[in-house]
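The values are calculated or read from the model by the stated rules, or taken from the named source; none is laboratory data. Keep in mind the model is a prediction, meaning the values are calculated, not measured. Heads up, the Cβs are rebuilt from the backbone with ideal geometry, glycines too, and the neighbour counts pull from every protein chain shown.
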Amino acid sequence: MRWSLQVQYGVYAMFDLAYNGREAPVQVRVIGERQAIPARYLEQIFQRLRRAKLVHGKRGPGGGYTLAREPRDVTLRDVVEAIEGPLGESLVPSPDGLDGDERHRPTFLWEALADRVGESLAATSLEDLCRQAARRAVERADADAHTWVI
């Protein structure tokens, strides 16, 4: 199973906001630089996230994006479905183009798999990702902002 590039980038961007951008709006360009995602592509993803009410966008000087909810209240399932639509549609293969009678196929397998993946994504919040990142010493954006002069 492979996630689309849009989903991967969307998860990275939402993680970045939760991990690094809690104080003020963060520009797409800044997130793109930190996560190595083209800003133009990322802007399209943020439009979907905004429509799903996962982020707030602010225009003008000091503008950018912030999370619309606390990181504990945003799950990976929320992010995936904001970008690709309901999980069942993206994980269950379409019978189009298959020969034969669908009644003789174990299509329930894909539905069960989609349910399990959905449960796992719904059980993982952005806060969970941030905790794991901190435990694994993932560097925060402002980590190099402090210089000590002796």
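Assorted remarks:
- Every pair of residues 6+ apart whose Cβ atoms lie under 6 Å, when the first sits in segment 127-150 and is closer than 14 Å to Phe15 by Cα and exposed (fewer than 10 other Cβ atoms within 10 Å of the Cβ) while the second is at pLDDT 95 or above and not small (Gly, Ala, Ser): none
- Residue check for Ile37: surrounded by 14 or more Cβ atoms within 10 Å (Cβ to Cβ), over 13 Å from Gly21 (Cα atoms), within 12 Å of the chain's Cα centre (by Cα) and not polar (S, T, N, Q): no
- Subset of segment 1-45 [polar (S, T, N, Q), farther than 18 Å from Arg72 by Cβ and touching a strand residue (DSSP E or B) at 6+ places or on another chain (Cβ under 9 Å)]: Gln27
- Residue within segment 67-78 that is of a type in the set (Gly, Ala, Ser), touching a strand residue (DSSP E or B) at 6+ places or on another chain (Cβ under 8 Å) and either closer than 21 Å to Ala137 by Cα or surrounded by fewer than 19 Cβ atoms within 10 Å (Cβ to Cβ) (or both) present: yes
- The residue pairs whose first member lies in segment 8-19 and is in contact (Cβ under 8 Å) with a residue 12 or more places away in the chain and crowded, with 21+ Cβ neighbours inside 10 Å, whose second member is among the aromatic types (Phe, Trp, Tyr) and assigned to a helix (DSSP H, G or I), and whose beta carbons are closer than 8 Å, counting only pairs six or more residues apart or on different chains, are Tyr9/Tyr41; Ala13/Phe46.
- In segment 99-148, the residue that is modelled with the highest pLDDT out of those that are under 30 Å from Pro25 (Cα atoms) and among the β-branched types (Val, Ile, Thr) is Thr124.
- Matching residues, segment 20-34, being more than 15 Å from Gly57 (Cβ to Cβ) and loosely packed, with under 14 Cβ neighbours inside 10 Å: Arg22, Glu23, Glu33
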